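Report on the structure given below.
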Amino acid sequence: MLIDETRCTGCRACQVACKQWNDLPAETTRNRGTYTNPPALSANTWSLIEFKEIETRGQIGFYFLRRACMHCEHPACASACLVGALHKTAEGPVLYDDHKCIGCRYCMIACPFGIPTFDWNKGLLDQPLIRKCVFCADRVQNGLTPACAKACPSRVILFGGRDELIAEGEARIRQSPGRYVNRIYGKAEAGGTSVLYLSSIPFEQLGLPRLDSAPVTVLSEWVMRYTLPFAAAWGAALTGLALLVRWRNRGKPKRPSSKEAA
């Protein structure tokens, strides 16, 4: 997806379409006696329009950020998962298998964008445990556009091949250099993402984290690679130590208990 935030009007059609297609219930969050937009992503809100009021060049501007899973090229959530409950498909979506999940929530810690959310309304014995945008994988696999992109009336969200969307974003920047920051967010960040952004203000002001081009999976993959071998080696060492102590103590007279001594 290429998301041009300069075109967003905050209508939240994408947010509503996401809920409708994925059969997600509405959330009523009470603020000063009135019902407002959900304040953050949750188990029942996978796509969210965030409202930003930012002062730039001495003027107050109103901006909107569409928040959802970035579906990274090298997903940190998948690399940190001990049981392989998260994986990236050939079409691009990063999907979650609730039957494998053990509820460790390492994916929530690993994600640099803070996207995966825990379903606090369910117990540990219930499924699913982790919820997030699935990129409308069922629609994509059947040649359809994701629901959010289909519903957007301002064509803020474009869906297509990643290379084609990068070319489109670069063309827009060349054609209107005064309108855009000279950068496509997600082209290189964290090794690249399947969701790309264009903006008229710095992306950090918009609410996106500052990341370099190195995939954040480098550290998590290293940790996951050596976690199980280390645990096995440590268990074997403790077992060996216990056997050694028992072997050294064999044949020695048993020390009487305090009751026996009395």
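At a glance:
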| quantity | calculated |
| --- | --- |
| Residue match in segment 5-13 (condition: free of Cβ contacts under 8 Å to residues at least 60 places away in the same chain and either more than 23 Å from residue 196 (Cβ to Cβ) or under 14 Å from the mean Cα position of the chain (by Cα) (or both)) | no |
| The lone exception for residue 3 - which of (1) out of contact with any His (no Cβ under 8 Å at 6 or more places or on another chain); (2) closer than 16 Å to residue 137 by Cβ it fails | (2) |
| Scope segment 176-222; condition modelled with pLDDT under 95, on the phi > 0 side of the Ramachandran plot and surrounded by 16 or more Cβ atoms within 10 Å (Cβ to Cβ); matching residues | 190, 191 |
| Some residue of segment 50-67 being surrounded by 15 or more Cβ atoms within 10 Å (Cβ to Cβ) and part of a loop (DSSP other than H, G, I, E, B) | no |
| Conditions (1) touching a strand residue (DSSP E or B) at 6+ places or on another chain (Cβ under 7 Å); (2) under 17 Å from residue 71 (Cβ atoms): number failed by residue 180 | (2) |
| Tally, over segment 152-171, of residues that are aliphatic (A, V, I, L, M) and farther than 15 Å from residue 135 by Cβ | 4 |
| When residues of segment 155-175 are limited to those that are open to solvent by 40 Å² or more (accessible area, probe 1.4 Å) and outside any loop (DSSP other than H, G, I, E, B), the one nearest to residue 88 (Cα to Cα) | 162 |
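The values are calculated or read from the model by the stated rules, or taken from the named source; none is laboratory data. Model, not experiment: these values are computed from the prediction. Please note: Cβ atoms are built from the backbone with ideal geometry, for glycine as well, and neighbour counts cover all protein chains shown. Ligands, DNA and RNA are stripped out before the accessible areas are found, and what is left, the full protein with its side chains, is counted by its heavy atoms. Shrake-Rupley method; radii C 1.70, N 1.55, O 1.52, S 1.80 Å.
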